[in-house]
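What follows is a short report on a single structure.
Just so it is clear, none of the values below were taken in a lab; they were calculated from the coordinates. Fair warning: this is a prediction, and the values are worked out from it, not measured in the lab. In this analysis, Cβ positions are derived from the backbone assuming ideal geometry, glycine residues included, and neighbour counts consider all displayed protein chains.
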Amino acid sequence: MILDVVDQLEMKAKKRNVSLVVEDSRLSRYMVEADVEKIKQVLINLMVNAIKYGNEDGEVLVRTFDMDENILIEVADNGNGIPQKHLSKIFERFYRVDKSRDREQGGSGLGLSIVKHIIEAHNQSINVRSTIGTGTTFSFTLKKANIN
Ligand SMILES: Nc1ncnc2c1ncn2[C@@H]1O[C@H](COP(=O)(O)OP(=O)(O)OP(=O)(O)O)[C@@H](O)[C@H]1O
Ligand SMILES: [Mg+2]
């Protein structure tokens, strides 16, 4: 699914000369309990943000981590980051950090509120960490499927 989304966003990434990298895509395959179309939307919203607000000529890295009952999925960019005081608000509807700059990039400030809504509907959680000048990483969990 991650590779599908990467294919879908390749053109958009190319326009900003951003490389989309999936770590260990052949090694880490997981079965999860999730609504695949909704989780695709989550990945798209996070990756489009990473492409839009990350660095031109930068990189967007998607990684998965085995956390026993869950898997953790991370979308990281090496952009300018988000100031700490905004971090708790970016999941709110219509919230945008830099309205003048971000308006040029289009967008209504809804993408992350939809992401949060979908992850919470899966009874999972989403987090963000960001360092100014270094980049931003969003991470969310999904429950592994019971395949006995
Ligand atoms: N990876 C990121 N790096 C820096 N800032 C980000 C990143 N992701 C989101 N933001 C900031 O958070 C704000 C909210 O993001 P969100 O996806 O909800 O809305 P949007 O991208 O502005 O519009 P939409 O997704 O509805 O098209 C963005 O306007 C931007 O300021
Ligand atoms: Mg967005």
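Observations, loosely collected:
- Residue check, G109 more than 15 Å from ligand 2 (Cβ to nearest atom) and either of a type outside the set (G, A, S) or over 12 Å from the mean Cα position of the chain (by Cα) (or both): no
- Condition check for N123: part of a loop (DSSP other than H, G, I, E, B), more than 27 Å from V32 (Cβ to Cβ) and either near ligand 1 (Cβ under 8 Å from one of its atoms) or without any contact (Cβ under 8 Å) to a residue 60 or more places away in the chain (or both): no
- Every pair of residues 6+ apart whose Cβ atoms lie under 7 Å, when the first sits in the range 39-54 and is closer than 12 Å to L110 by Cα while the second is of a type in the set (V, I, T) and not in a helix (DSSP H, G or I): L46/V75
- Criterion applied to N127, N70, N78 was being within 12 Å of the chain's Cα centre (by Cα) and under 25 Å from L27 (Cα atoms), and the one residue passing it is N127.
- Test result for G107, in contact (Cβ under 8 Å) with a residue 60 or more places away in the chain and within 12 Å of ligand 1 (Cβ to nearest atom): no
- Residues in the range 56-76 that are touching an Asp or Glu at 6+ places or on another chain (Cβ under 7 Å) and within 16 Å of R16 (Cβ to Cβ): G58, V60, L61.
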